[in-house]
Amino acid sequence: MSSLPSTTENSLGKRTSNKQPPAAKRRALGDISNAATVPQLQPKSTRVPVATRERVRPTNPTNDIDFEFKDDPTYCSEFVDDIMAYLFETETSIEEYYKNQADINERMMAILVNWLVEVVSYFNLTNCCLFLAKALVDRMLASSANMQRDRLQLLGLSALFIAAKFEDSTPVTANKFSVISDDTYSSTEILEMENRILQELQFFVSIPTQPQFLERFLQAACYEILDEYLKMRICKLAQFFSECSLHYGKLSQYKPSMVALSSVVLALHTCGCPSWTPTLSKVSMVDPQNLTLMNCVKNLFDCITNFPAHLSASRDKYFVDAVPPLPCTIPALFRLPTKKF
């Protein structure tokens, strides 16, 4: 006689069954389909295209070049105007010091700068080291008389030794500078010249140089340019033109900001862009018809067009052969007015 399923009565008076549900049947391996065990994969999303050369800039209602970096604490956008105002106030120019030197001429200085460019590249120092070293050499020659030509290389080497301590995170030792000069000067001589420079300049070493202005001017000049490749060409050309100015003694009579601004103007003109923009005028606080700026652009243009072929360190550094050559004329906006007789 078969047993009946047991029943119980719950609190509501309803009868419920205690019979357990039948156990699931164990399926054989062949009965298991892929669809039952493998979850359905979602279709792959469309592949994101490679970034184009043009970038999209966030909406900037005030046309402020620092708008993109306002939330970046490392950029210090709230202090950048005060920093630039301080640099404009403290920068100085150096008169032609060759009048005080009977044994040193402009050609020797050009050779020295070309060699310093090679040393900076060899030790992977920053450009600020090069420009500060050249400024120290110029100030030293302007303040002291009768520097012997056989001590000129030692002067440049010691100036770069000082500049590396200020601008580079890992300064080069005096022994390495001695080796790079083919042991022409010992480390003791380098340290003695360093002491002489510091005593002559009264330890006033840190001064504004071109790279500090050049970075800001390039940011303003390239603000309206969305083509990243074109922007890179403009920056490289401006840096090359700025470095070429170190070889030309006449450009030391202009303030570093004026030479940096002239380099940006010629770089824009070389790449076929407008050589002047309202944003650049606002940041530099210079009018394009400023006579000093027009003379500086002309002198820098003459320096670049007549640049000696044997001084190739800067050309090799910036691969200037890969960029378009300088036009035959300077921008029309910066041409000096012709004299009428």
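The values are calculated or read from the model by the stated rules, or taken from the named source; none is laboratory data. Since the structure is predicted, the reported quantities are computational estimates derived from the model, not experimental observations. Glycine also receives a Cβ, built like all others from the backbone with ideal geometry; neighbour counts cover every protein chain displayed.
Applying a threshold of 8 Å to beta carbon distances and a minimum spacing of six or more residues, or different chains, the list of pairs starting in segment 106-133 at a residue that is assigned by TED's automatic domain parsing to the domain that holds A164 and ending at one that is part of a helix (DSSP H, G or I) and of a type in the set (K, R) reads M108/R149; V113/K134; L116/K134; V117/K317; S121/K317; F123/K176. Out of everything in segment 270-289 that is within 20 Å of the chain's Cα centre (by Cα) and touching a residue at least 60 places away in the same chain (Cβ under 8 Å), what residue ends up being surrounded by the fewest Cβ atoms within 10 Å (Cβ to Cβ)? Of everything passing the filter in segment 270-289, T279 is surrounded by the fewest Cβ atoms within 10 Å (Cβ to Cβ).
Residues that are touching a helix residue (DSSP H, G or I) at 6+ places or on another chain (Cβ under 6 Å) and surrounded by 21 or more Cβ atoms within 10 Å (Cβ to Cβ) within segment 225-239 comprise I234, L237, A238, listed in sequence order. Those helices (runs of 4 or more DSSP H) of segment 126-203 in which at least 3 residues are under 30 Å from Y318 (Cα atoms) and over 22 Å from the mean Cα position of the chain (by Cα), considering only elements entirely within it, cover 127-143, 152-167, 174-180. Among the residues of this structure, E194 counts as one that is more than 29 Å from N306 (Cβ to Cβ) and surrounded by 16 or more Cβ atoms within 10 Å (Cβ to Cβ).
When you scan segment 206-215, do you find a residue that is surrounded by 13 or more Cβ atoms within 10 Å (Cβ to Cβ), in contact with a helix residue (DSSP H, G or I) (Cβ under 9 Å, 6 or more places away or on another chain) and farther than 30 Å from C273 by Cα, even just one? Yes, segment 206-215 contains at least one residue that is surrounded by 13 or more Cβ atoms within 10 Å (Cβ to Cβ), in contact with a helix residue (DSSP H, G or I) (Cβ under 9 Å, 6 or more places away or on another chain) and farther than 30 Å from C273 by Cα. With the condition kept exactly as written, say whether any residue in segment 161-175 is modelled with pLDDT of 95 or more and among the β-branched types (V, I, T). Yes. So, E95, is that one part of a loop (DSSP other than H, G, I, E, B) and in contact with a helix residue (DSSP H, G or I) (Cβ under 9 Å, 6 or more places away or on another chain) or not? Criteria met by E95. Every condition in (1) under 21 Å from N295 (Cβ atoms); (2) buried (at least 24 other Cβ atoms within 10 Å of the Cβ); (3) not β-branched (V, I, T) holds for C222 except the one numbered (1).
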